[in-house]
Every structure is written in structure tokens, then in C-alpha cells.
Amino acid sequence: MPSESSQYLINNPSGLYVDCTFGGGGHTYYLLEKYKDIKMIAFDWDGAAFERFENRPSGFKSRVTFVRENFKNIKSVLENAGIGKVDGILADIGVSSKQFDDLGRGFSFNSKNLDMRMDLRNTLTAKEVINGCGEEELAGIFYKYGEERMSRQIAKAIALRRKRGVINTSLELQDIICSVKRPEGKINPATKVFQALRIFVNKELENLEALLCASPELLNAGGRIVVISFHSLEDRIIKQNFKRNAWENIYKILTKKVITASQEEMKNNPRSRSAKIRAAERTNV
Ligand SMILES: C[S@@+](CC[C@H](N)C(=O)[O-])C[C@H]1O[C@@H](n2cnc3c(N)ncnc32)[C@H](O)[C@@H]1O
């Protein structure tokens, strides 16, 4: 995805850009390598991403500043750093493959844990939600954030299982879901519930909304915003925000139709199969 997204992001070859989601640094380092005169501010709220940044021997350190913060606070972070406006904002939202693959974090179906926090400084965990929320509330979370059609049956099964003791691992949760929901093709029956929990625990949609809302006033005229998302709930929010801003003449939409990964990218990076890129340019209004 870095090549697809950078093609939309860069409009000023010596500008200042924000990567809201550093992760493994794939996009940040690609951009710094390709555009020798740009500078970047990289956000990630995950301490592990910061460690990766710190430990990587890189000749780019003088051109990139790392901020361990929620990107919803982009406006105040830039203000505090004395930065008025930037030339581009990139966000590749969701969990990173590194977070997903770390079994201790509890994002994958076979984890020994049930945590799902991307930022371990936050307090709410998936374990607290699964063991602490009422049956109705759980069903609401699964339906709203996972579009899970069997939300009620799954919530009921969880409530029943809780009578025998605390649900401690994502493996246990997966088994409960599989006891009431059959697999559809190759997709794990627990996929939608896991998505819903992750979004709820990390307040992902609220953070995205706040970022999109702050962005117009942070972009120079001609500056670009590029957002990569992975499911329809996020894509809908991005599409509607861009449309609203285009209607008010604040943005010009650069991706009339949503952009997906190239065949080659999909081959090398299976996660990119469901990725959608949308981009817009700040007008001079
Ligand atoms: C999909 S990964 C980004 C991968 C990255 N583009 C790369 O090339 O390696 C998303 C990253 O964004 C971070 N993230 C998600 N939501 C965030 C938020 N609200 N504030 C800051 N970082 C966030 C996650 O911790 C994760 O590391």
C-alpha cells in the first residue's frame, strides 16, 4: 500500500507530513526514502511501535519525530509543537500485523489472553467487556461494531458460560461463538465479534471521526489527506466526511472511486486484500 497511498499523499516534495499510524514504519520509511526533502511526524499510541522506532538503525532520524499519542489529539499535539499546518495526513487504520501476531495481546483467535488494547496505557480490556457487560449490551456491541447478525444468540451463550466462571482467553471466547454459529466458507465464525470487540475497546470509530474532523484546519491549501481502512464501517465514515467537506468546497475528492491494492501488493501482503484507500485535497477556501 505505501506506493498507492504516497502517490496521493505527496503534493509538496519538500513538505511536512503526518503518518498517524506508524505501526512497523512501512509507510513512514517508504516516504522518507522516496521523497528525500520531506519531513515527517509519526504517531502511534502503541509502546511497541515506539520501541521499534527507537531501535531501528536509521539514517532518517533527523527527518522524523515520533509521538506516542492517540491521533485523535493531532491538533493539540501539533499546536504544542508550534506547528500550524502540514502538507499531508496519512492514516492506515486498524491493528498492525505485529499487534495481531503477538499472542499476548489477544487480537487473534488463539490467544492466551483477552486484552485487545492497542495502547496498554488505556484501562478497558476485552476481558472486562466480555465478563462485565450485560447480555443486552454485549449483543449491541457485536451488532453495532461487527454487524454480527447472530449478536443476540452469541451474547446469550457468553452470559450462560459466565455462570461457570470468568472467560480468560480469546480461545475460550472463540469456542463459545463456534458453539452457536456455523462457519461460513473459510471465514472463522468469531471474526465479526472479534472485530466488534477490538473497535469498542479501542474506540476506533470515535478516534477516526475526531481525526477526520480536525484535519481540514491542519492542512495547507493543496495538502492531502489519505486514509486506508479495512472494513465498511470505517470506509462509510471516511466517505461521508470527504463528501461533506467537498460539498462545502473544503476538499476536492481525489479518489472518485475507492482505490484497492494492486494485484502484486495483494500477493505480497494478504492483509491488503480488504484495504480501501480514499484521498482528498484541501482547497484554498
Ligand atoms: C495498520 S497499522 C499501520 C501500519 C503502518 N502503516 C506500516 O506501514 O507499518 C495501524 C497502527 O496504528 C496504530 N493506531 C491505531 N489507532 C491509533 C490511534 N487512535 N492513535 C495512534 N495510533 C493508532 C496502531 O497501534 C498500529 O500500530
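Numerical summary
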{"quantity": "Some residue of region 49-68 being near the ligand (Cβ under 9 Å from one of its atoms) and polar (S, T, N, Q)", "calculated": "no"}
{"quantity": "Residue list for region 99-152, filter: under 21 Å from the mean Cα position of the chain (by Cα), outside any loop (DSSP other than H, G, I, E, B) and more than 22 Å from Gly24 (Cα to Cα)", "calculated": "Ala126, Lys127, Val129, Ile141, Phe142, Tyr143, Lys144, Tyr145, Gly146"}
{"quantity": "Qualifying residue in region 178-187 (condition: without any contact (Cβ under 8 Å) to a residue 40 or more places away in the chain and among the acidic types (Asp, Glu))", "calculated": "yes"}
{"quantity": "When residues of region 197-247 are limited to those that are among the hydroxyl-bearing types (Ser, Thr, Tyr) and crowded, with 23+ Cβ neighbours inside 10 Å, the one farthest from the ligand (Cβ to nearest atom)", "calculated": "Ser215"}
{"quantity": "Of the criteria (1) within 21 Å of Asp119 (Cβ to Cβ); (2) outside the structural domain of Thr255 (by TED's automatic domain parsing); (3) acidic (Asp, Glu), which one Glu234 fails", "calculated": "(2)"}
{"quantity": "Residue pairs meeting the criteria (Cβ under 7 Å; at least 6 apart or on separate chains; first assigned by TED's automatic domain parsing to the domain that holds Thr169 and more than 18 Å from Lys192 (Cα to Cα), in region 116-140; second small (Gly, Ala, Ser) and within 15 Å of the ligand (Cβ to nearest atom))", "calculated": "Leu120/Gly47"}
{"quantity": "Of all residues making up region 213-227, the number that are part of a helix (DSSP H, G or I) and farther than 20 Å from Thr28 by Cα", "calculated": "4"}
{"quantity": "Tally of residues being at pLDDT 95 or above and not in a helix (DSSP H, G or I) across region 228-275", "calculated": "10"}
{"quantity": "The listed residue being more than 9 Å from the ligand (Cβ to nearest atom), within 18 Å of the chain's Cα centre (by Cα) and in contact (Cβ under 8 Å) with a residue 60 or more places away in the chain, out of Gly88, Gly94", "calculated": "Gly88"}
{"quantity": "Checklist (1) surrounded by fewer than 21 Cβ atoms within 10 Å (Cβ to Cβ); (2) farther than 26 Å from Ala261 by Cα; (3) more than 14 Å from the ligand (Cβ to nearest atom); (4) not aliphatic (A, V, I, L, M) applied to Lys36, failing item", "calculated": "(2)"}
{"quantity": "Subset of region 162-220 [over 30 Å from Gly88 (Cβ atoms), among the charged types (D, E, K, R) and either in contact with a Leu (Cβ under 8 Å, 6 or more places away or on another chain) or modelled with pLDDT of 95 or more (or both)]", "calculated": "Arg162, Lys163, Arg164, Glu172, Asp175, Lys181, Lys192"}
{"quantity": "Candidate set from region 248-279 (those that are among the small types (Gly, Ala, Ser) and out of contact with any Leu (no Cβ under 6 Å at 6 or more places or on another chain)); member that is surrounded by the fewest Cβ atoms within 10 Å (Cβ to Cβ)", "calculated": "Ser262"}
{"quantity": "One residue from Gly104, Gly47 being surrounded by fewer than 17 Cβ atoms within 10 Å (Cβ to Cβ), farther than 20 Å from Ser5 by Cβ and assigned by TED's automatic domain parsing to the domain that holds His27", "calculated": "Gly47"}
{"quantity": "Within region 225-257, tally of residues that are touching a Gly at 6+ places or on another chain (Cβ under 9 Å) and closer than 10 Å to Leu212 by Cβ", "calculated": "1"}
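The values are calculated or read from the model by the stated rules, or taken from the named source; none is laboratory data. Everything numeric in this text was worked out from a predicted model, so none of it was measured. Note: ideal-geometry Cβ built from the backbone for every residue, glycine included; neighbour counts use all protein chains shown.
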